[in-house]
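Q: Take this structure first; my questions come after.
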Amino acid sequence: VRTLERTGAADGTEEPLAASDPIDDYAEEGRDWGAIGRSLAVNVALYIATVAVAMFLGGLLVLIATDASPWDVYDAMFQGSLNGGAAIGLTLDRSTPTLIVAIGALVATRASITNLGPEGQLLVGACVGTFVALNVPGPGPVAIPIVIICSALGGAVWASLAAVMRYTRGVDIVISTLLLNFVAEQIVTWSVSREYLLQEGGAGNTQSFTQSERIPGDLHLPRLGTYPGFNISTGLFVALALLAIVWVVLDRTRWGFRLKVLGQNPMTARRVGISVAVFGGGALIASGALAGAAGGVMLTGTVFRFQPAFSQGVGFEGLLCALIARRRPGWLVPVALLFGALRAGGGYLSSTGVPGYFVDIVQALIVLATLFPPLFIDLVRRRREHLRARAAAQVDHGATVAVGVAS
Amino acid sequence: MSDFSTFLGGAVRLSVPLAVAGCGEQVAERSGTLNISIEAMMLGGAFFGALGAAVTGTTVGGLAFGMAAGLVVAIVHANFSHRLTANTFVVGLTLNSLLVGLTSFLNETTDLDDHKAKVLEIPLLHRIPEIGGPVFGQRWPNYLILVVIPLSWWIVNRTRWGLELRAAGEDPQAADVTGIDVEKRRRQAIYYCGLMSGLAGALLPLLVTGNFNNNMTAGAGFLVNAAVIFGGWTLRGTMAGAALFGGAKAMYVTVQAIGWKFNPQLLIASPYLIALVTMLLLASRSKRPAALARQFERGIT
């Protein structure tokens, strides 16, 4: 109907539209949110404001639920994570496995695959790595890479279960990887509660716990620096090397490009001959391998023995890190450092009598706070576009009515 | 009591929370949103349910507190992922770790009295040998499932809201051009899911343990997700999944009580294994909402 009326208008019965375009008026009376969203100052201010709100909420919780003062709690977290060389080293050590998991998750997100299973993949990887570390004799320089590679293989095998389920039977990856975490947890618990597998042998009268033996000192990753001063595990350099390799592969090679095509439009990918199963499954398995490698680096770098609670949420943390960084590899390092700092700071919390769970709370609140600003700017922009479109529709409608009157 | 009725009683107690949350999640998934923060909603419901029961001294108070806690988590989740368009998995994972931290933190810093709901024996029926006691002689909130299931079915299949919700899950673009606010329907579906999951969480302390334990859901929320998939996005199937997973959990408790030697890790993992195997067998047959877990973007077809 509207088209017909428009045609009528084109026949020459057209009335001049109002002199000033209401759309422009709208843009003038409000502010241009698109430009504001691009402004660095506004972005920084929003980030500072939301993180401040997150910290405030955390502080409020301390005030309400405990006898400690919020100031002391945050000060303890600062002391534990950033004050002095040893603390900074601890922060770097804590961010290392998170970063490696995040690199893997980045590969999966590049192909638009959500792998919610890094926790399980890390556990299985570390468990396999422990088995190798305890059974393969050899000098450190040879054995350590073998342990880490075997951990990666363990993680890859665990992730490949989900890949096979997806590409043969169409089982949703999100749910299968999520559920496999719980199966992995039980498998590793089983393996450290059997002496013929990984459980430590109780020497003499000592009771043996559900954990493995400590791996031999030969197999510890070398450390740089000594305790009172700045000291870190060389695992960090493994993580950075992996980041560089993955970054180059994703951004500069044909494989990386194909993954990107697959991630952005699977239909196009199929048309140009990119195998969805090979590349999608490959990305999932690669992310599992990196999660497993993270387990291997934790094992040889900081923890040295395997327990069911080995991962301490590192898998989920790394995944979150990658999901926050979205498609920008450069963001992985700062986000991983933030998570590492929170973990390192959490170790000091016990001195204030506040339960260590406080770190989880602050971390989650900060994640929500960092999600907020870009999305909020986007929301405001969409609202404005919507209002503009509505204003435009009203002009259109007005013109149609005018034409109707004229004819 | 015989071994069988021990098992049946445990199965009922453990299935009912899964079924209640399953009703909520089924509604949410029909609207096209894959909500993985059920775990968070249930944990919130469990702690605040125990808190509410201890503060008010009544079971109803506990249930109300639990539902409110689930709703608060749902409001945060829905507005982040379906107003601000954040990745729903980021929000879900974050809320899960937030609630694990928050409820454990509060549990360490507060001291709550135990509270369990009263047992309600259905006249006559509870005298049926073997099955009467475990099924008809439970604590009264168990029977809420008899309200929640028909309510959820009626909402989705017999109301205008439910129709619009299913449209948002099957073809959001078409729903959008007919004037349905897709994101709003999804948010509302998550609110409903939050109420149900909060209620389900509150049942855990009120039916089983009497008080809150750190991380007491231990993955039950994810089993609810699996139950919905197991059931092929139908309410009937979801309830069957909840009963199956609840039964598998009850096996763990019963086997210990009987004194059988059975690999405990295998028993704990069994609900997850069953979920994975059934998905493997049934995945291609079930009819998932066409737009499930896909972010709605206006005007994109």
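Read-outs: derived from the displayed coordinates by stated rules, not from any lab. Since we're looking at a predicted model, the values are computed, not measured. Virtual Cβ from ideal backbone geometry, glycine too; neighbours counted across all protein chains shown.
Q: Considering lysine pairs in chain B that are 8 or more places apart or on different chains, how many have Cα atoms under 24 Å apart?
A: Numbers: B:K116/B:K249; B:K118/B:K249; B:K184/B:K287; B:K249/B:K261.
Taking the Cα cut-off of 24 Å, the pair count is 4.
Q: Let me ask something additional. Compute the angle between helix B:220-230 and the longest alpha-carbon principal axis of chain B, please, reported from 0 to 90 degrees and rounded to the nearest 10.
A: 60 degrees
Q: Could I ask something else about it? Relative to the Cα centre, what is the charge dipole magnitude of segment A:247-387, using +1 at the beta carbon of each Lys and Arg, -1 at the beta carbon of each Asp and Glu, and rounding to the nearest 20 debye?
A: Values: 15 positive and 5 negative charges, 150 e Å.
Result for segment A:247-387 is approximately 720 debye, rounded to the nearest 20.
Q: Along the Cα→Cβ direction, 7 angstrom out, place labels at A:A241 and B:D111. What is the inter-label distance in nm?
A: Here the modelled spin labels are 5.5 nm apart.
Q: For a quick protection proxy, order the peptides B:233-244, A:253-264 by their average other-Cβ count within 10 Å, most packed first. All intermediate terms of the calculation are to be shown ahead of the outcome.
A: Details: B:233-244: 20.7, A:253-264: 16.8.
In decreasing order of mean packing, B:233-244, A:253-264 become B:233-244, A:253-264.
Q: Please name whichever of A:I285, A:N231, A:S95 sits farthest to the positive end of the charge dipole of the protein assembly as shown, dipole taken about the Cα centre and charges placed at Cβ: Lys and Arg +1, Asp and Glu -1.
A: The residue sitting farthest along the positive end of the dipole is A:I285.
Q: With a Förster radius of 35 Å, plug the Cβ-Cβ distance of A:L379 and A:A277 into 1/(1 + (r/R0)^6) and report the FRET value to the nearest 0.05. Working shown, then result.
A: Values: r = 37 Å, r/R0 = 1.06.
The formula returns an efficiency of 0.40 here.
Q: Oh, and also: So for segment A:53-207, Kirkwood radius off the Cα pairs, Stokes-Einstein at 25 °C and 0.890 mPa s: how many µm² s⁻¹? Could the numbers behind the result be given before it?
A: Values: Rh = 19.0 Å.
For these conditions, the coefficient is 129 µm²/s.
Q: Limiting things to C-alpha atoms, what are the Rg and the maximum Cα-Cα separation (Dmax) for chain A, in angstroms?
A: Using the Cα atoms of chain A, the pair Rg, Dmax is 27.6, 105 Å.
Q: Right, something else. Averaged across the residues of A:360-371, what count of C-beta atoms belonging to other chains lies within 10 Å of each residue's C-beta?
A: Numbers: counts 9, 10, 2, 4, 11, 4, 1, 7, 8, 0, 0, 8.
What the average comes to for A:360-371 is 5.
Q: OK, next. Determine the dipole magnitude for the protein assembly as shown: charges of +1 sit on the beta-carbon of Lys and Arg, -1 on that of Asp and Glu, nothing else is charged, the reference point is the Cα centre, and the result goes in debye to the nearest 20. Mind dumping the intermediate values first?
A: Values: 50 positive and 44 negative charges, 335 e Å.
So the dipole magnitude of the protein assembly as shown works out to roughly 1600 debye.
Q: Moving to a separate point now. Quick check: convex hull over the Cα atoms of segment B:9-87, volume per residue in Å³, rounded to an integer?
A: Working: hull volume 7.5 nm³, N = 79.
Dividing the Cα hull volume of segment B:9-87 by its residue count gives 95 Å³.
Q: How far is helix A:235-252 tilted, in degrees, relative to the longest principal axis of the Cα atoms in chain A, given as a value from 0 to 90 rounded to the nearest 10?
A: Between helix and principal axis, roughly 40 degrees.
Q: If one puts a single equal scatterer on every Cα of segment B:244-286 and applies the Debye formula without solvent, what log₁₀ I(q)/I(0) results at q = 0.20, 0.26, 0.34 Å⁻¹?
A: So the normalised log intensities are -0.62, -0.85, -1.12.
Q: Most exposed first by the Cβ proxy, i.e. fewest other Cβ within 10 Å, how do A:H397, B:H115, B:H82 rank? Show your work: numbers first, answer last.
A: Values: A:H397 11, B:H115 22, B:H82 25.
With the sparsest Cβ surroundings first, the list reads A:H397, B:H115, B:H82.
Q: Determine the shielding of peptide B:258-270 by partner chains: average, over its residues, the number of Cβ atoms on other chains within 10 angstrom of each Cβ.
A: Details: counts 0, 0, 0, 0, 0, 4, 4, 11, 4, 1, 6, 9, 2.
The per-residue average across the peptide is 3.
Q: Restricting to Cα atoms and excluding each atom paired with itself, what does the Kirkwood estimate give for segment B:212-301 in Å? Before the final figure, lay out each step's value.
A: Values: mean 1/r = 0.0670 Å⁻¹.
Evaluated over segment B:212-301, this radius sits at 14.9 Å.
Q: Using the basic label-point model (7 angstrom from Cα toward the beta carbon), what is the B:D3 to B:T209 distance in nanometres?
A: Computed distance between label sites B:D3 and B:T209 equals 2.8 nm.
Q: Here's a follow-up. Could you order peptides B:90-98, A:103-111 by the average number of other Cβ atoms within 10 Å of their residues, highest first? Provide the component values of the computation, followed by the final result.
A: Values: B:90-98: 24.4, A:103-111: 27.4.
Ranking, from highest mean packing down: A:103-111, B:90-98.
Q: Summing +1 for each Lys or Arg and -1 for each Asp or Glu, what net charge is found among the other residues whose Cβ lies under 15 Å from the Cβ of A:T189? Can you show the working numbers first?
A: On the way: positive: A:R194, A:R305; negative: A:E119, A:E185, A:E195, A:E200.
Around A:T189, the charge tally is -2.
Q: If you place +1 on the Cβ of every Lys and Arg, -1 on the Cβ of every Asp and Glu, and leave all else neutral, what size is the dipole of segment B:67-136 about its Cα centre, to the nearest 20 Debye? It would help to have the intermediate numbers written out before the result.
A: Details: 4 positive and 6 negative charges, 70 e Å.
Rounded to the nearest 20 debye, it is 340 debye.
Q: At a 10 Å Cβ-Cβ cut-off, how would you order A:D75, B:D3, A:D172, fewest neighbours first?
A: Values: A:D75 15, B:D3 12, A:D172 20.
The most exposed by this proxy come first: B:D3, A:D75, A:D172.
Q: Between A:A41 and A:N135, what is 0.36 nm times their sequence separation minus the Cα-Cα distance? Round to one decimal in nm.
A: Working: separation 94, 0.36 × 94 = 33.84 nm, distance 5.66 nm.
Full extension of this stretch gives 28.2 nm more.
Q: If you don't mind, there's one more thing I want to ask. Choose one answer from B:M196, B:M251, B:M67: the residue with the largest mean-square fluctuation in a GNM of chain B with alpha-carbon springs under 10 Å.
A: B:M251
Q: Please give me the summed charge of the neighbours of A:F78: other residues whose Cβ is under 14 Å from its Cβ, Lys and Arg +1, Asp and Glu -1. Could the numbers behind the result be given before it?
A: Working: positive: A:R343; negative: A:D72, A:D75.
Summing Lys and Arg as +1 and Asp and Glu as -1 gives -1.
Q: Tell me, in nm to one decimal, what length is gained between A:V395 and A:F257 on full extension, where the rule is 0.36 nm per residue of separation less the Cα-Cα distance? List each step's numbers first, then the result.
A: On the way: separation 138, 0.36 × 138 = 49.68 nm, distance 4.49 nm.
Difference between extended and current length: 45.2 nm.
Q: Would you mind ranking B:T110, A:T98, B:T178 by Cβ crowding within 10 Å, fewest neighbours first?
A: Values: B:T110 13, A:T98 30, B:T178 10.
Ranked by crowding around the Cβ, least crowded first: B:T178, B:T110, A:T98.
Q: Grab the eigenvalues of the alpha-carbon gyration tensor for chain B, scale each by 5, take roots, and send me the semi-axes largest first in whole angstrom.
A: On the way: eigenvalues 203, 95, 67 Å².
Gyration-tensor ellipsoid for chain B: 32, 22, 18 Å.
Q: Let me ask something else about it. So how tilted is helix B:182-203 from the main axis of chain B? Cα-based, degrees 0 to 90, rounded to 10.
A: So the inclination is approximately 10 degrees.
Q: How many nm is it between the label spots at A:H386 and B:R127, if each spot is 7 Å from the Cα in line with the beta carbon?
A: Spacing of the two 7 Å Cα→Cβ label points: 6.2 nm.
Q: Suppose a student asked you for the relative contact order of chain A, using Cα pairs under 8 Å spaced at least 6 residues apart; what percent would you report?
A: Numbers: 630 pairs, mean separation 138.4, N = 407.
Over chain A, the number comes to 34 percent.
Q: I've got another one for you. Suppose a student asked you for the relative contact order of segment A:200-293, using Cα pairs under 8 Å spaced at least 6 residues apart; what percent would you report?
A: Details: 48 pairs, mean separation 10.6, N = 94.
This gives 11 percent for segment A:200-293.
Q: Within 13 Å, Cβ to Cβ, of B:I145, how many net charges do the neighbouring residues add up to if Lys/Arg are +1 and Asp/Glu are -1?
A: On the way: positive: B:R13, B:R139; negative: none.
Net local charge, B:I145 excluded: +2.
Q: Additional query: If you project the alpha carbons of the protein assembly as shown onto the principal axes, what extent comes out on each, in Å, largest first?
A: Extents along the principal axes, in whole Å: 105, 75, 58.
Q: Order B:27-37, B:271-281 from most to least packed using the mean count of other Cβ atoms within 10 Å. Spell out each step's value before the answer.
A: Details: B:27-37: 28.3, B:271-281: 19.4.
The packing order, highest mean first, is B:27-37, B:271-281.
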